[in-house]
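Beneath this line is the structure, given in structure tokens, with notes to follow.
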Amino acid sequence: MDLPPYFFRVRENGALVFRVDAENRNRRIEMDPIAVANVRNGEVRPQGDRTLSEADRAAIDGWLAARREELAARDLDDIARAADHLNLVAEWAQRRATPEQLEAVTDRLLLAMHDLRTVLVRKKAERLGG
């Protein structure tokens, strides 16, 4: 088998990093936990009393960079989907919503949209130098 040398078990803030070994005498796949990596702050903590090699550290740093890019792309995709969803909500409110349904969601939607508009306007002003 041609397995990668490392496996990253994704966790909420990063990953548990395993070294993969398929070349042992039993021909079993063994996964040795070597570190915990944090995507937010870049911290890498070796497991137990282990010392990470340069290859370990390079693989982990590469994974952290790729993971950050992947999460950033997902964030943008989520925002684009949210904009589409707002359009669908407007269409629903205009064409299909009952008065009771509108009553149930109007205040919540108005407050959320007001908050979003406030943040967007402030950020736009900051970008324009205001």
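Values quoted throughout were computed directly from the atomic coordinates according to the rules given, and no laboratory measurement underlies them. Since this is a predicted model, take the numbers as computed values, not measurements. Backbone-built Cβ (ideal geometry, glycine too); neighbour counts: all protein chains shown.
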Amide proton proximity set for Gly14, modelled H, under 5 Å, gap of 5+: Val39
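Sort 19-31, 73-85, 55-67 by packing, meaning the average of other beta carbons within 10 Å per residue, with the highest value first. Walk me through the numbers before you get to the answer.
Values: 19-31: 11.3, 73-85: 9.8, 55-67: 15.2.
My ranking of the peptides, most packed first, is 55-67, 19-31, 73-85.
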C-alpha long axis of helix 54-95 to longest principal axis of the chain, angle in °: 20 degrees
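Hey, got the dipole for the chain? About the Cα centre, +1 on K and R Cβ, -1 on D and E Cβ, debye to the nearest 20? Provide the component values of the computation, followed by the final result.
Working: 22 positive and 23 negative charges, 38 e Å.
Roughly 180 debye, rounded to the nearest 20.
Taking only the alpha-carbon atoms of the chain, what semi-axes of the equivalent ellipsoid follow from 5 times the gyration tensor eigenvalues under a square root, in whole Å, largest first?
Working: eigenvalues 442, 82, 31 Å².
Each semi-axis is √(5λ); the values are 47, 20, 13 Å.
Return the calculated 222 nm mean residue ellipticity for the chain, to the nearest 500 deg cm²/dmol, obtained by summing -39500 (n - 2.57) across DSSP H runs with n ≥ 4 and dividing by the residue count. The partial results should precede the final answer.
Details: 2 runs with 71 residues, N = 130.
After summing the helix terms and dividing by residue count, I get -20000 deg cm²/dmol.
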From phi via Karplus (6.51, -1.76, 1.60), per-residue ³J(HN,Hα) for the range 36-46 in Hz, x at Gly/Pro: 10, 10, 10, 5, 5, 10, x, 5, 10, 10, x
